[in-house]
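What follows draws every value from the coordinates through simple rules; no lab data is involved. Everything numeric here is computed off the predicted structure, so don't read it as measured data. Positions of Cβ are backbone-derived with ideal geometry, glycine not excepted, and every protein chain shown enters the neighbour counts.
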Amino acid sequence: MTLQEFFQQHKKVAVAFSGGVDSAYLLYAAKSCGADVRAYYVKSEFQPQFEQNDAKRFAAEQGIALRVIKLSVLEDAHVYENPPERCYYCKQRIFSAVKKAAKEDGFSVLLDGTNASDTASDRPGMRVLPELSVYSPLRVCGLTKSMIRELSRAHGLFTWDKPAYACLATRIPAGEEITGQKLAAVEAAEDFLFSLGFTDFRVRTHGKNAKIQLPEEGFSRLFTCRGEVYAELKKHFDAVVLDLEPRGGME
């Protein structure tokens, strides 16, 4: 099946929009194929502000209506206690909220940006999709992450080379309670590194300490501004360390 064929069968759709590469291309494809489409972005404690900014920018550039849903995921003990299955319970809350909002707006078909490269073994939240009858057209049509990036680049979408970004909760080890204060510290630290030109990195917590993970090409840059980075991150953490194992690519 092609995306064109999918949208011939589903002509009115809601899209759970994260602001990332995959769901952005899905929105573009839905509109290009003539579907009546609306985007839904969930703003929770786990999403940094730049993701919402990107979502709003993309929707505006494509002329697609965007509804922002504010949701506290930390109200659920299954989420803030941070068990190994946290992602499942978080996605359950998020997609339930999107489905409810979409239904209020007259949209009965909900889509997400899961692609053919995604596997359920490392994404427990994917189990929620069939439970809530969420369609994943990119996956159904066999589009991998690299294919989606290339198609996005070809169509001039600014998201085409956006690094993969997991939610802020992934910076906190499983079993360690998630709090708004910890998430705010991580977001502030990562915002600062973004402002210095770093990309495709993570700031992970270990108790009250921070561990910076960078792609190999980021090491030399960090050493030139080590003092500045250390001073800023010490505002939020007791200690700051660098992981000497390079992060993988943006796929």
Which of H78, H10, H155 has the fewest other C-beta atoms within 10 Å, and how do the rest follow up to the most? H155, H78, H10
With 22 Å as the limit, write out which pairs from K145/K211; K12/K99; K70/K235; K70/K103 have Cα-Cα distances beyond it, or answer none. K145/K211; K70/K235
Okay, helix-only estimate at 222 nm for the chain: each DSSP H run of n ≥ 4 adds -39500 (n - 2.57), divide by all residues, round to 500 deg cm²/dmol; what do you get? -12000 deg cm²/dmol
When ranked by the protection proxy of mean other Cβ atoms within 10 Å per residue, highest first, what sequence do the peptides 237-248, 82-93 form? 82-93, 237-248
Descending Cα extents along the principal axes, the chain, whole Å: 56, 41, 32
Quick check on segment 179-242: take the gyration tensor over C-alpha atoms, sort the square-rooted eigenvalues as a ≥ b ≥ c, and tell me if it's rounded (a/c under 1.5), prolate or oblate. prolate
Loop GluC sites (Glu not before Pro), segment 100-204, which have at most 14 other Cβ atoms in a 10 Å radius of their Cβ (DSSP): E176, E177
For K43, distant residues with modelled amide H under 5 Å away: I69, K70, L71
Within straight-line cross-link reach of K208, aspartates and glutamates at Cα separation under 18 Å, skipping those fewer than 8 residues along the same chain: E81, E176, E177, E187, E190, E232, D238, D243
From the phi angles alone, apply the Karplus equation (6.51, -1.76, 1.60; θ = phi - 60°) to segment 60-77 and give each ³J(HN,Hα) in whole Hz, x where the residue is Gly or Pro. 5, 5, 8, x, 10, 5, 10, 10, 9, 10, 8, 9, 8, 7, 7, 6, 9, 4
